[in-house]
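The values are calculated or read from the model by the stated rules, or taken from the named source; none is laboratory data. The structure displayed is predicted, hence computed values, not measured ones. Here the Cβ is made from the backbone with ideal geometry for all residues, glycine too, and neighbour counts use every protein chain on show. What goes into the accessible areas is simple: the full protein's heavy atoms, side chains included, and nothing from ligands, DNA or RNA. Shrake-Rupley method; radii C 1.70, N 1.55, O 1.52, S 1.80 Å.
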Amino acid sequence: MKKIGILGGTFNPIHNAHLTIAMAAYEQYTLDEVWFMPAGTPPHKSVDQEISSSHRREMVLQAIGSYPMFHLCDIEIQKTKPCYTYKTLKKLKERYGDDTKFYFIIGGDSFFSFDEWVKPKEICKYADILVARRPEDIKHPQKAFQEKLLEYQRHYGNHFFEISVSLMDISSTDIRKMIMENHDAGAPVPDKVMTYIKAHHLYERVYSSNELMDMEKRIKKALKPQRYVHTIGVMHTAANLAFCHDYPYTKAMVAGLLHDCAKCLSDQERIDLCQQYDIEITAVEKKNPQLLHGKVGALLANIDYQINDDEILHAISVHTTGCVAMSMLDKIIYVADYMEPGRDKAPRLHEIRKVAYEDMDLCVYMILEDTMNYLLSHSDHIDDTTEKTYTYYKELIKERG
């Protein structure tokens, strides 16, 4: 008879404790396989609407890919209606028959509330229950666990068994909070899952309408009217580009709204702030202090507007010069600043505006090419960063053919 363990959960996101529990169950009960079963629409709690079921499914696949004994079971995630464990187990039992024995794996908290689940007797009819309880669990000491175990055995039969496992004190909720607050959440999460989270900007902070309106009011007071109009144009253009290129649009709006926040300062004030906060001033910037408004803008965004997101701050700092291997947000702000609706003097603007929504790297290269041509004919000094950025994107586009 094949022995299959089932570990269900929202996996929002999956983390190392899930893998530890699954491995302990696999080894201690000589299971043939452990199936990870992401929840579709759980009846007892909501799943963050910002994270789609396809993302949660893919994170599970990323986490278990290197474990041949672990598999994905997507029977629940395919459903749109609330999923009840007894119904899922019944369907699996009907599908695989008596040649397969199922073990449903749960944590200590779920164990102590098991009798509140829908039709717990039906669950025990189709599977034994493996309980992953930490030996050091203060909330549920061994005596309380044994008493509950005896109670369940009287009500539901001999279907409950303990998994001995030491777990890290971490939860999916903690991980989501760490990412939202821009802290490193890497350790509790498999590397491939963390890479996926970062690539798809999952769990990042979403700025509310009220927050954006407050920033807009403050920046309006800080900037001259014409600069403010430009800023609003950049903000909305950045939002449009973010939607098009699958980037969190409120982050793009914040970066667009604050990209010129240091334009309100004099050249000397920018120099003084750079010296005060040990911000490097290049030779070109010494001769043209207005170029410092990106670097100083990132500083003001952090200090005056409490923006702690490194991506936003970096995009603000390089929005004038660009940089080698720009992030998507870097590119969005760099392009939005160049082509917002108020701009009308740069060459190829119509073409650039079209390409921006189709191919960001090509658009960045076109802007850099036109910028370099302008600087070569109008200035004796070209910022080294701009030149390096132009060379990088020229080679990138050339390699693409």
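Data table
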quantity	calculated
Residue of G40, G108, G322 that the Gaussian network model of the chain assigns the largest fluctuation, springs spanning Cα pairs under 10 Å	G108
Sulfur and carbon atoms: percent of accessible area, the chain [1.4 Å]	50
For the range 234-368, size of Cβ-based charge dipole, Lys and Arg +1, Asp and Glu -1, in debye	420
Inter-site label distance for E216 and Q306 at 7 Å from Cα along Cβ, in nm	2.0
Among the listed pairs K2/K79; K101/K121; K198/K388, those beyond 24 Å (Cα-Cα)	K2/K79; K198/K388
Shape box of the range 161-223 [Cα atoms, principal axes, largest first, Å]	64, 23, 16
Relative contact order [Cα under 8 Å, 6+ residues apart], the chain, whole percent	12
The range 199-268, relative contact order [Cα under 8 Å, separation at least 6], %	40
Eligible lysines near K81 by straight Cα distance, threshold 21 Å, same-chain separation 8 or greater	K45, K90, K91, K93, K119
Chymotrypsin sites (Phe, Trp or Tyr not before Pro) lying in DSSP loop within the range 305-388, provided at most 16 other Cβ fall within 10 Å	Y357
Probe 1.4 Å - accessible area at T173, Å² to nearest ten	90
Among Q276, H15, P289 - extreme Cα towards positive end, dipole of the chain, charges at beta-carbon	H15
The range 259-363: trypsin sites (Lys or Arg not before Pro) in DSSP loop, at most 14 other beta carbons within 10 Å	K345, R348
Dipole of the chain, positive end: most advanced residue of M59, I197, I333 [Cβ charges, Cα centre]	M59
Approximate spin-label separation K93-S377, in nm, with each point projected 7 Å along Cα-to-Cβ	8.0
Per residue value of the accessible surface for the range 355-401 (all protein chains in place, 1.4 Å probe), Å²	59
Cα principal axis extents for the chain, largest first, Å	86, 46, 33
Where GluC sites (Glu not before Pro) in DSSP loops with at most 16 other Cβ within 10 Å are excluded, longest remaining stretch of the chain	182-279
Accessible area expressed per residue, the range 53-168, with surrounding protein chains retained (probe 1.4 Å, Å²)	54
Amide hydrogen neighbours beyond the local backbone of C83, cut-off 5 Å, H modeled	T41
Cβ-based net charge around M360, under 13 Å, with every Lys or Arg adding one and every Asp or Glu removing one	-1
Crossing angle, helix 142-156 versus the chain [Cα axis fit, 0-90 degrees, rounded to tens]	60
Gain in span if fully extended, T282 to S171, counting 0.36 nm per residue against the direct Cα distance	35.4 nm
Helix axis angle, 267-276 relative to the chain longest principal axis, alpha carbon, degrees	40
Theoretical FRET efficiency, 1/(1+(r/R0)^6), r = Cβ-Cβ of D384 and T80, R0 35 Å, to 0.05	0.05
Residue-normalised accessible area of the range 253-341, given per residue in Å² at a 1.4 Å probe	39
Relative contact order (%) - the range 86-172, alpha-carbon pairs under 8 angstrom, separation at least six	32
Degrees, to the nearest 10: 209-222 long Cα axis against longest axis of the chain	20
